[in-house]
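Everything on this sheet refers to the single structure shown next.
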Amino acid sequence: MTADLLLTLPVLAPAIGVALCALAWSHPLLQRLISLAASLGLLCASVALLLAVRDGTVIATQFGGWAPPFGISFVGDMFSAAMVLITGLMAVAVGIYGLVGDVEARENAFYHVLYQGLLLGVTGAFLTGDIFNLYVWFEIMLISSFGLLSLGGTREQLDAGIKYVTLNLIATTFFLMSVAFLYGMTGTLNMADLARVIPTLENQGLVTALALMFLATFGAKAAVFPLFYWLPAAYHTASAPIVAIFAALLTKVGVYAIIRTFTLLFDGDAGYTGPIVTAVAIFTMVTGVLGAAAHFDIRRILSFHIVSQIGYMLFGIAVATPLAIGGSILYVIHHIIVKANLFLIAGVVNRAGGSFDLKQTGGLYRTMPMLGVLFLIPALSLAGLPPLSGFWSKFTVIKASLEAGHIVLATAGLAVGILTLYSMIKIWNEAFWKAAPDQSGQTMRRWQADRRARIIMLSPVVVLAAITLTIGLFAEPFVDYSLRAGEQLLDKSAYIDAVFGAPAQVTEARP
Amino acid sequence: MEPVFALAFGVMVAVAAYLLMSRNVLRVVLGLLVLGNATNLSIFLAGRMGSRTPPLVAAGETALVGGANPLPQALILTAIVISFSLVAFTTVLFESAHRRLGTVDTDAMREAEPEAAKKVPNDRRQAAARKMEPAE
């Protein structure tokens, strides 16, 4: 397949899904089929993309026949291909899971259209090579997530929606403003061209200021300290499949944007930005994990853990060695699978145990021992216990930070791991281990009678847990891929050459 | 001209920041609108304001000579459409929240994150909400 097709198909599949689902809005069954087919299409296209770039080649395509850097470029390298693949995987797993529960109510409110819209924005953001285009994909992702979050329109959701929408709108507007300043300084928006122009600028102090603006705006998207408040205020009000896909993808797009811009564009003044990112990473890990310790709603605990885990993904930029960036990539991949799975299991706990509130559930290990095992795999992986995927990703980032002499960062990472374990054990004790409350027998019987719901909800959980185990037990290819992707990110010339076709002269900064 | 526009941009951002910090959601929407427009102005400024000639390539020519920079215009057009739709959505969301929650005061909106220890008595909360009602 040509590069054009490889890079556009992962975006085309959800785009077609959006259009067809909107056309079939009065036929819920048809929408389900289209949505699943589009998600499967995305998964297949992303596998093809990964196979094309896994040997280290970078592929690029230009839209509309414009010569670079004037048109919009799409670029696929090892990092973006891995992110697209994991998006495809999540699209299918959560898409299947989303077919139960209150699906009819959600379908009346364009659930499938918005779901595919979210995937469209996310894959577009991973593949684009143009910073203004990245803004547009962010907005597509945002407007879909606004719709998904307020789907149902309960009082709780409207309240959460206000905070989520306001803070995210401010963040994206700030992003656009940063893009405007960047354009004013460099005269270009193409990221490969920016990578060539930025080192030639005279006023490097201004570049550092701009880098911090981008750090703030992407940091707000990634929910880092002190910009994370929209996340724990909102996530727990959405229904289980929606919050699972949010938890898997939304903040990770912010992390992707931070890693991409700080390896490709703003790597000039790492001595200044490095300590800032280090402090942000430490505070993010610690506040997130302490916030989780205070809560007894399983969704709110998990929401705070998203924040906490984002801190580990910043190790790559904080430490800025090839090993650390590779470790960050591995961490993102591992975390998406594990976190989505935990939210899916939270949905099962709610359905079988009757509540998301840990104080009102219990005894699930007695009635469903297999679910207990399925919970322990992602939960212990999140805490970083061997031999699960979390161990290898934590091991890599902490090894990298120790090698570079970041003792405080490494210590914080290890301590937060222990506190994470505390939270996971709390969920285990309350939902699985303690005796069931008196009134829970009825919900359990209803769950056990509903064979279809059990199969649909548990099969994605089993598959994701199997992937976590696979990464843990056969870590070698995954670690190797991530480390090579990290090295590729640090070698900017491959990215630039892929967009411009051949090694080109550095152009003068345009007005 | 550019310093004047830059100053206008600064004033708009300041106004937006002031409005966004308000507890009244109506003012927050206005703040988002002003911030969006300030951003559009910054894109316009970033493209330099040298020429007033429309960016049209004359017949027989292959390159643009002496015209205004067309790229910021395209960017602003995109940004206007996006910010228009987002603000429209936000307004509808805020209005339905106002109807369902009975308040426009963000401090009184504690449905998603209820206070654990001290419960604000309901009538006091509503009194606070009434005070925040925009004038008819």
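The values are calculated or read from the model by the stated rules, or taken from the named source; none is laboratory data. All of these numbers come straight from a predicted model, not from anything done at the bench. Every residue, glycine as well, gets a Cβ built from its backbone with ideal geometry; the counts of neighbours run over all protein chains shown.
Things worth noting here:
- Residues that are assigned to a helix (DSSP H, G or I) and buried (at least 16 other Cβ atoms within 10 Å of the Cβ), drawn from the stretch B:63-85: B:Leu71, B:Pro72, B:Leu75, B:Ile76, B:Thr78, B:Ala79, B:Ile82, B:Ser83
- Subset of the stretch A:197-233 (residues that are away from every other protein chain (no Cβ under 14 Å), under 24 Å from A:Leu342 (Cα atoms) and not in a loop (DSSP other than H, G, I, E, B)): A:Gly219, A:Lys221, A:Ala222
- Single match in A:Gly129, A:Gly101, A:Gly71 (criterion: modelled with pLDDT under 95 and surrounded by 24 or more Cβ atoms within 10 Å (Cβ to Cβ)): A:Gly129
- A:Glu104 passes every criterion in (1) facing chain B (nearest Cβ under 10 Å); (2) in a helix (DSSP H, G or I); (3) more than 19 Å from A:Pro14 (Cβ to Cβ) apart from (1).
- Among the residues of the stretch B:86-104, those identified as more than 7 Å from chain A (Cβ to nearest Cβ) and either surrounded by fewer than 16 Cβ atoms within 10 Å (Cβ to Cβ) or out of contact with any strand residue (DSSP E or B) (no Cβ under 7 Å at 6 or more places or on another chain) (or both) are B:Val87, B:Ala88, B:Thr91, B:Val92, B:Glu95, B:His98, B:Arg99, B:Gly102, B:Thr103.
- Odd one out for A:Met141 among (1) within 17 Å of A:His236 (Cα to Cα); (2) in a helix (DSSP H, G or I); (3) among the hydrophobic types (A, V, I, L, M, F, W, C): (1)
- Flag if A:His236 is in a helix (DSSP H, G or I), touching a residue at least 24 places away in the same chain (Cβ under 8 Å) and within 14 Å of chain B (Cβ to nearest Cβ): yes
- Filter result for A:Gly384 (at pLDDT below 90 and over 23 Å from the mean Cα position of the chain (by Cα)): no
- Test: B:Glu61 is more than 22 Å from A:Phe146 (Cβ to Cβ) and more than 7 Å from every other protein chain (Cβ to nearest Cβ): yes
- Residue within the stretch A:18-27 that is of a type in the set (Ser, Thr, Tyr) and within 14 Å of A:Leu5 (Cβ to Cβ) present: no
- Residue check, A:Val338 closer than 17 Å to A:Ile306 by Cα, touching a residue at least 24 places away in the same chain (Cβ under 8 Å) and not basic (Lys, Arg): yes
- Check on A:Ile143, within 12 Å of chain B (Cβ to nearest Cβ) and within 22 Å of A:Ala340 (Cβ to Cβ): yes
- Residue check, A:Gly441 small (Gly, Ala, Ser), surrounded by fewer than 13 Cβ atoms within 10 Å (Cβ to Cβ) and without any contact (Cβ under 8 Å) to a residue 24 or more places away in the chain: no
- Listed here are the helices (runs of 4 or more DSSP H) enclosed by the stretch A:310-398 that have at least 2 residues being out of contact with any strand residue (DSSP E or B) (no Cβ under 6 Å at 6 or more places or on another chain) and surrounded by 24 or more Cβ atoms within 10 Å (Cβ to Cβ): A:315-319, A:322-353, A:369-383.
- Which listed residue, of A:Ala320, A:Ala379, is modelled with pLDDT of 90 or more and under 30 Å from A:Ile407 (Cβ atoms): A:Ala379
- The one condition from (1) under 17 Å from the mean Cα position of the chain (by Cα); (2) buried (at least 24 other Cβ atoms within 10 Å of the Cβ); (3) modelled with pLDDT under 95 that A:Val122 does not meet is (3).
- Scanning the stretch A:146-182 for residues that are among the β-branched types (Val, Ile, Thr) and either more than 9 Å from chain B (Cβ to nearest Cβ) or not in a helix (DSSP H, G or I) (or both) yields a total of 1.
- Any hit, the stretch A:89-102, residues being over 26 Å from A:Arg351 (Cα atoms) and under 14 Å from the mean Cα position of the chain (by Cα): no
- Selection status of A:Leu194, in a helix (DSSP H, G or I), buried (at least 24 other Cβ atoms within 10 Å of the Cβ) and within 7 Å of chain B (Cβ to nearest Cβ): no
Every residue, every condition in (1) closer than 23 Å to A:Leu189 by Cα; (2) in contact with a Lys or Arg (Cβ under 8 Å, 6 or more places away or on another chain); (3) surrounded by fewer than 16 Cβ atoms within 10 Å (Cβ to Cβ); (4) of a type in the set (A, V, I, L, M), yes or no:
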site: A:Ala37; (1), (2), (3), (4): no, no, yes, yes
site: A:Leu43; (1), (2), (3), (4): no, no, no, yes
site: A:Phe79; (1), (2), (3), (4): yes, yes, no, no
site: A:Val84; (1), (2), (3), (4): yes, no, no, yes
site: A:Leu89; (1), (2), (3), (4): no, no, no, yes
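- The criterion of being surrounded by fewer than 19 Cβ atoms within 10 Å (Cβ to Cβ) and more than 19 Å from A:Ile306 (Cβ to Cβ) does not hold for A:Lys426.
- When the criteria are applied in full, B:Met109 fails the requirement of being more than 9 Å from chain A (Cβ to nearest Cβ) and either modelled with pLDDT under 90 or within 30 Å of A:Gly121 (Cα to Cα) (or both).
- Verdict on A:Leu402 being surrounded by fewer than 18 Cβ atoms within 10 Å (Cβ to Cβ) and either modelled with pLDDT of 90 or more or of a type in the set (Asp, Glu) (or both): yes
- Selection count, the stretch B:45-67, where residues are out of contact with any Leu (no Cβ under 9 Å at 6 or more places or on another chain) and in contact (Cβ under 8 Å) with a residue 12 or more places away in the chain: 9
- For the stretch A:158-191, residues that are of a type in the set (S, T, N, Q) and under 22 Å from the mean Cα position of the chain (by Cα) total 4.
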